[in-house]
Amino acid sequence: MRGSTSILALPKASSSSCSIARSIRLISRETRSLHSSKSSSLLRSSTSSRSNTPTILKNGYGSIRYHGHSTSPAGAEPIDPIPDIGIENTYDIVIIGGANAGLALACALLAQPTISTTTKILLLEGSSLDKTRQWTGEGNWENRISSLTWENISWLDSIGVWKHIKDDRSCPVEEMVIWANPSPSSFPTIHFPPLGHPMARMTENMNLQRALLRRIEEVGKGIVDIKEGARVNEMRLGEGERWVGLKVGDEWLKGSLVVGADGPNSPVRLFSGIETYGRAYQTHAVVATLKHSPSPLYPNTTAFQRFLPTGPIAFLPLNEENSTMVWSTLPQHAKALKNLSKESLTQLVNAGYQLPESILTILTDQMIKQDKIGKPITVFEINEIINLNYVNSNDNVDQPILPPNINSIEMSSVASFPLKLSHAKEYLGKRTVLVGDSAHTIHPLAGQGLNQGLSDVICLSKILENSKKLGGDLGSKTNLIDYSRERYFKNHLILSTTDKLNYIFKSRNFLINLIRSNGLEIINELTPIKKFLMNGAGAAVTSTFDQTRQPDGLSKSQRREFGRSTPESPLPNIQGWQKTAASSVENWFTLKSVIGMAGGIAGGLIREGVKKATGSLQKK
């Protein structure tokens, strides 16, 4: 997934599962009768029947994963019984999907002392993993880049994965700047300052996947089997629903528990009869690698995100001269952007970060109009529109906080994909469990997609370890219920919050503009609130990570407050009632955090008043 401050993360399914909806052949008489109805009705029927009369789903082409239950309704055509499956093809846990979530779960299980010594694990991936193994990190940047929070980096380090990350292809994010400017005189901004360690790192998905795969190959011999190019043609519940049979090619395997790490179009979710809810955003995310000159003052470690009426545009650092863009916008806008020349696209991206909204709207409307008639807008026409409207506009107040100017764009990196919110109604099926994108997909504006998936696998690995210690059945819902209880609400909260933030920041309603503007200014003055938000997003320090080993290359003077011309310069003093309100609330947070010093400060409270006492507390 891509990152944003965005810090965005783009969802990524394993390649073998992306085409789930191409063709499904249902074997039972009940489902054959549905062939006369629309295909959408067919899919709804197959996913929603939870079933006392389960069906078997087969792959019509013999190449894509389609799964189903073990028995068919009375009167259905005969089904060949599952042949005897030998011990060599019997596993405790089968993970379907060899992308981020599947590989991470295998590593998480290998880090559990009981699981790693007593459990047989199989990872199935429909395509070859040779591209991942052979990735060198040389040449152009991948356009699938994710934000890894400090919390998850710490975990990856603790289980021996992070040492395999190619350091110079993973960029620290020290600060974030988020802003919107719906009117020429309004630039409500939130600045998340340095924490003393990177709050996240922008990392190519291939870099992470290679590190995970290397760790599995390093310590997983005899514990984790990997079958590549292994497409599951059929799934059935075994005798007594004590295991799941999987037909891979002409061979049958079985597992006590099957984990769906197979992406947003999850065949495991389909087999389990688990429905999802959510909606498409009618928005596409355009991604590209941006090239710019290095800053003469500071390293390129600040993530920027501007909220426009059509969606956010994020600037995410990769190294001193490269950054990645994620521009969430209307489908017709995304199409027009991709049709531009290299020079025109560079101009439009700079405009997206820099121009007032009113002028940017005129420019993009003209771009879409010309794209419809097959004449992409040129650099000359872009400059003409900007010059004409900027001279005649009052919207010429400079935004003081901007990303560096873009010099060019790597055109091979330009791509787009539709955005969608979805959440499975439950995570557990009969002998199945969902993790990552198979369970939930999220708008990338908060950069939490991949991080949610990693949190899922961390939790599930601990639940399975505890069950194994107690001698429990790994595939039993009773033993897995704590995973659902712990992760479902947390994921729902992140999904819901991100969805609401997307709406609030996109809206240009006068009342919402007013509330958003004043709210951002207040929050920007509340350091405890900002720390709380960053900690909630996984930016908190954990004790497991060796910070001294990280190649940040930043001196103390470079870990600066954004907005200063030099590290030693004072920050500008923002006045007004927002400052007063922020100060009052911050004083209360500060007072609570040092209540143990109350005795030494009590005299100051009485003599000098609340304001002076708070200053004393802050100094301490």
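The values are calculated or read from the model by the stated rules, or taken from the named source; none is laboratory data. What you see is a predicted model, and the numbers here were worked out from it, not measured in a lab. When we count neighbours, we look across all protein chains shown, and the Cβ atoms used for this are built from the backbone with ideal geometry, even at glycine. The area values use the complete protein model at the heavy-atom level, side chains included, leaving out ligands, DNA and RNA. Shrake-Rupley method; radii C 1.70, N 1.55, O 1.52, S 1.80 Å.
Of note:
- Qualifying residue in the range 448-458 (condition: open to solvent by 50 Å² or more (accessible area, probe 1.4 Å), free of Cβ contacts under 8 Å to residues at least 60 places away in the same chain, in contact with a helix residue (DSSP H, G or I) (Cβ under 8 Å, 6 or more places away or on another chain) and in a helix (DSSP H, G or I)): no
- Residue within the range 289-312 that is among the charged types (D, E, K, R) and either open to solvent by 50 Å² or more (accessible area, probe 1.4 Å) or closer than 20 Å to residue 410 by Cα (or both) present: yes
- Residue that is farthest from residue 165 (Cα to Cα), among those in the range 116-136 that are assigned to a loop (DSSP other than H, G, I, E, B) and open to solvent by 50 Å² or more (accessible area, probe 1.4 Å): 120
- Subset of the range 210-255 (residues that are assigned to a helix (DSSP H, G or I) and open to solvent by 10 Å² or more (accessible area, probe 1.4 Å)): 210, 214, 215, 217, 218, 219, 239, 240, 241
- Only one entry in 180, 200, 111, 106 is in contact with a helix residue (DSSP H, G or I) (Cβ under 9 Å, 6 or more places away or on another chain), open to solvent by 30 Å² or more (accessible area, probe 1.4 Å) and aliphatic (A, V, I, L, M), namely 111.
- Sole residue being more than 30 Å from residue 109 (Cβ to Cβ) and among the β-branched types (Val, Ile, Thr), chosen from 219, 258, 232, 287: 287
- Filter result for residue 314 (under 24 Å from residue 169 (Cα atoms) and in a strand (DSSP E or B)): yes
- When the range 344-363 is filtered for residues that are open to solvent by less than 50 Å² (accessible area, probe 1.4 Å), free of Cβ contacts under 8 Å to residues at least 40 places away in the same chain and in a helix (DSSP H, G or I), the ones remaining, listed by number, are 344, 348, 351, 359, 363.
- Condition broken by residue 139, with the remaining ones in (1) within 18 Å of residue 316 (Cα to Cα); (2) not in a strand (DSSP E or B) satisfied: (1)
- Among all positions in the range 154-164, there is at least one residue which is outside any strand (DSSP E or B), within 21 Å of residue 457 (Cβ to Cβ), polar (S, T, N, Q) and open to solvent by less than 40 Å² (accessible area, probe 1.4 Å).
- Checking each residue in the range 369-384 for being open to solvent by less than 30 Å² (accessible area, probe 1.4 Å) and assigned to a helix (DSSP H, G or I) picks out 370, 371, 382.
- Single residue of 502, 491 found to be part of a helix (DSSP H, G or I), within 25 Å of residue 98 (Cβ to Cβ), modelled with pLDDT under 95 and touching a His at 6+ places or on another chain (Cβ under 7 Å): 491
- Some residue of the range 322-343 being assigned to a loop (DSSP other than H, G, I, E, B), at pLDDT 95 or above and within 30 Å of residue 474 (Cα to Cα): no
- Pick from the range 467-488, criterion out of contact with any helix residue (DSSP H, G or I) (no Cβ under 8 Å at 6 or more places or on another chain) and not in a loop (DSSP other than H, G, I, E, B), ranking: nearest to residue 286 (Cα to Cα): 488
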